[in-house]
Amino acid sequence: MQTHELFPGGPIVSRMAYGCMRIAGTWNPEEIDAEKRANAHAALRAAYEAGYVLFDHADIYSQGGCETLHGELFAESPELRRQTTIATKCGIRFAGDPEPTSPHRYDFTKNHIIRSCEESLKRLQTEWIDIYQLHRPDYLMDPDEVGEAFEKLADAGKVRCFGVSNFPPDKVSALQRSLRHPLAVNQVEIHLGRLDCFEDGTLNQCLEKNILPLAWSPLGGGWLGEGGTPPEDKPHLVELVAEMDKIAEREEVTRTEVALAWLMQHPAGIVPIVGSANPERIAQSAVAPDILITRDDWYRLLVLARGAGLP
């Protein structure tokens with residue numbers, strides 16, 4: 001299992017990440033009232049109490065509202081910032097930004113990257129971001145321009161390391177050639193219902209380059225967790241969840257924990273991003289690193305997820 005020195009001060013010590021996308025309870029920041037604010041702070045505190053270290057944000061989550069909520073908690077309890085590895089992302093621009101006729105698009109221009117970072121810093125009420133990521137590949141990405149933006153942010157002490165999200169291996173390689181420092185993370189969708197990263201070279205590249213893979217939607221949107229049912233168009237996955245339930249019963253844990261532990265068995269050191277806003281589920285998921293998934297278990301689940309035998 002490889003280790004990752006992601007920023008000055010040492011490695012990420014938690015093998016789980018807490019995803020902050022849902023803490024606001026809405027995508028409209030104007031709907032964040034006192035109740036939603038209290039619920040968000042309770043979810044974040046539950047994550048800290050459960051031992052989470054890495055917290056995943058993006059500037060588009062509730063249009064900055066999720067970052068603002070976390071920043072409020074830092075202002076209330078400054079000691080939490082020292083316990084936190086903050087990751088956030090930029091690069092997605094919605095239709096109507098900044099002009100009514102502006103289309104939905106991706107934007108990796110130097111000015112946008114720098115401006116977005118500075119706005120995230122203000123919302124989070126912090127002086128630095130530990131991991132700053134490009135959210136989705138920009139078809140017009142100029143690696144040299146991105147490199148200039150990253151260097152300026154790093155030299156100013158505003159960002160400690162950089163990464164990407166949803167990048168295939170070829171785009172990671174194209175970008176890395178223009179960067180002064182190696183990319184630290186690639187955040188991609190990985191779960192038992194989405195096996196692409198095992199086949200398209202993403203995880204092999206992570207192993208080769210010591211890039212930490214962060215897994216978003218590690219429960220497939222919920223169906224891999226306890227009580228969930230597989231998509232109707234994939235009936236073969238019924239056998240998968242049945243086998244997961246057997247392992248869960250054997251280990252006296254939940255199916256959710258089995259799904260997370262399966263990901264974490266990979267030698268690239270996959271870090272699942274847990275996105276529940278329910279304090280009980282946040283704490284429950286934190287025990288996944290301790291669950292025994294044998295090599296036979298792992299391959300048995302893989303074959304059932306594929307719906308076909310191995311090559």
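Things to note:
- Globularity index of segment 81-129 is 1.34 (Cα radius of gyration / 2.2 N^0.38 Å, N = number of residues).
- The chain, dipole about Cα centre (Lys/Arg Cβ +1, Asp/Glu Cβ -1), debye to the nearest 20: 420
- Other-chain or far-sequence residues with amide H under 5 Å of Ser165's (modelled H): Leu134, Gln187
- Placing unit charges on the Cβ atoms only, positive for Lys and Arg and negative for Asp and Glu, gives segment 116-179 a dipole magnitude near 260 debye about its Cα centre.
- Our estimate of slack between Glu79 and Lys122, defined as 0.36 nm per intervening residue step minus the Cα-Cα distance, is 13.7 nm.
- Those lysines that a straight Cα-Cα span of less than 24 Å connects to Lys234, excepting residues fewer than 8 apart in one chain: Lys246
- Segment 92-243, relative contact order [Cα under 8 Å, separation at least 6], %: 16
- The chain, relative contact order [Cα under 8 Å, separation at least 6], %: 18
- When segment 58-183 is described by a simple charge dipole with +1 on each Lys and Arg Cβ and -1 on each Asp and Glu Cβ, the residue from His181, Ala58, Cys117 located farthest towards its positive end is His181.
- Cβ-placed point charges (K, R +1; D, E -1), dipole of segment 205-275 about Cα centre in debye, nearest 20: 280
- Karplus (6.51, -1.76, 1.60) ³J(HN,Hα), θ = phi - 60°, over segment 25-38, in Hz, Gly and Pro reported as x: x, 6, 8, 9, x, 5, 8, 7, 9, 4, 5, 5, 5, 5
- Subset of Lys122/Lys209; Lys89/Lys152; Lys36/Lys89; Lys36/Lys152; Lys122/Lys171; Lys122/Lys152 violating a 28 Å alpha-carbon distance limit: Lys122/Lys209; Lys36/Lys152; Lys122/Lys171
- Residue-by-residue Karplus 3J(HN,Hα) for segment 109-120, coefficients 6.51, -1.76, 1.60, Hz, glycine and proline x: 5, 4, 4, 5, 4, 5, 5, 5, 4, 5, 5, 5
- Principal axis analysis of the Cα atoms in segment 135-218 yields extents of 41, 24, 21 Å, listed in decreasing size.
- Backbone HN-Hα couplings from phi across segment 255-268 [Karplus 6.51/-1.76/1.60, Hz, Gly and Pro as x]: 4, 4, 5, 5, 4, 6, 5, 4, 4, 6, 6, 5, x, 6
A short reminder: the numbers here are calculations on the coordinates, not readings from a lab. Owing to the predicted nature of the structure, the values given are computational and were not obtained by experimental measurement. Cβ: placed from backbone, ideal geometry, glycine included. Neighbour counts: every protein chain shown.
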